[in-house]
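Heads up: the structure comes next, in structure tokens.
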Amino acid sequence: MTNIAIYPGSFDPITNGHLDIIRRASKLCDKLIVAVLVNSSKKNLFTFDERIHMIEDAISDLDNVCVKTFSGLLVDYCTQNNVSAIIRGLRAVSDFEYELQMAQMNRKLEDNVETIFLTASTKYSFLSSSIVKEIARYKGNIEELVPKKACEYLVEKF
Ligand code: PNS
């Protein structure tokens, strides 16, 4: 049986923290789908084409990782695509309440899909897409915070 896991998110944009979770998660499963939510109520800075392009560029050396988009319920996407595990990163206790609620709700909706939490590497524990956008907006140095393509897009956007 092929173990397929999914790493869902907004990725607006992908950060080095996301990339670290992707690399580590890719070693735990046969195939990892990085899934970009396209119908979010959140107002995103980047279009989903831009977000996908940034992720694809960052994961080009990882053979068992692909990028997809999804809309609607995550668990429905999981069922339709034989995904057995949802990967989420935890940076700090402040992430936990929301993540636990989502994991429990997803479990209630679909018992066959497990949520697996990976703790963020300490060097990325302060990193978020929002904070990176703020730094970029004020022309701060983001080179060590996001993958190369995301850095280019951010510089261009602001
Ligand atoms: O990067 P984010 O914005 O924290 O990711 C949140 C995401 C995309 C994982 C979450 O909003 C999600 O799964 N949305 C899809 C709709 C859904 O299934 N909602 C019920 C979750 S309990």
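The numbers here are math on the coordinates, done by the rules we state, and not lab data. Not measured: the values here are computed from a predicted model. Glycine also receives a Cβ, built like all others from the backbone with ideal geometry; neighbour counts cover every protein chain displayed.
Starting from the 7 Å offset along Cα-to-Cβ, what nm value, one decimal, do you get for the label separation of Ser125 and Tyr138?
2.4
Which of Leu127, Leu90 has the fewest other C-beta atoms within 10 Å, and how do the rest follow up to the most? List each step's numbers first, then the result.
Values: Leu127 20, Leu90 16.
Listed from fewest to most nearby Cβ atoms, that is Leu90, Leu127.
Given the Cα-Cα distance of Glu99 and Lys43 and 0.36 nm per residue of separation, how much length would full extension add, in nm? Write down the numbers at each step before the final one.
Numbers: separation 56, 0.36 × 56 = 20.16 nm, distance 2.03 nm.
Full-extension gain reported as 18.1 nm.
How would Tyr124, Tyr153 line up from fewest to most surrounding beta-carbon atoms within 10 angstrom?
Tyr124, Tyr153
Can you pull the one-decimal nm distance between simple spin-label points at Asp57 and Leu73, each 7 Å off the Cα toward Cβ?
Between Asp57 and Leu73, the label points sit 3.7 nm apart.
Of Ile6, Ser130, Asn81, which is farthest on the positive side of the dipole of the chain, counting Cα position, with +1 on Lys and Arg Cβ, -1 on Asp and Glu Cβ, and the Cα centre as origin?
Ser130
What ranking of Glu50, Glu97 emerges when the number of other C-beta atoms within 10 Å of each C-beta is taken as an exposure proxy, fewest first?
Listed from fewest to most nearby Cβ atoms, that is Glu97, Glu50.
How many angstrom lie between the C-alpha centres of the range 89-158 and the range 1-67?
If you average the Cα positions of each part, the centres end up 11 Å apart.
If amide H atoms are built 1.01 Å from N in the plane of the peptide, which residues on other chains or at least 5 residues away come under 5 Å of the amide H of Ile86?
Sorted by chain and number, the residues that satisfy this are Ile6, Glu114, Thr115, Ile116.
What list of ³J(HN,Hα) values in whole Hz, one per residue of the range 18-29 in order, does the Karplus curve 6.51 cos²θ - 1.76 cosθ + 1.60 (θ = phi - 60°) give from phi, with Gly and Pro shown as x?
Values per residue, Gly and Pro as x: 4, 4, 4, 5, 4, 4, 6, 5, 5, 7, 9, 9 Hz.
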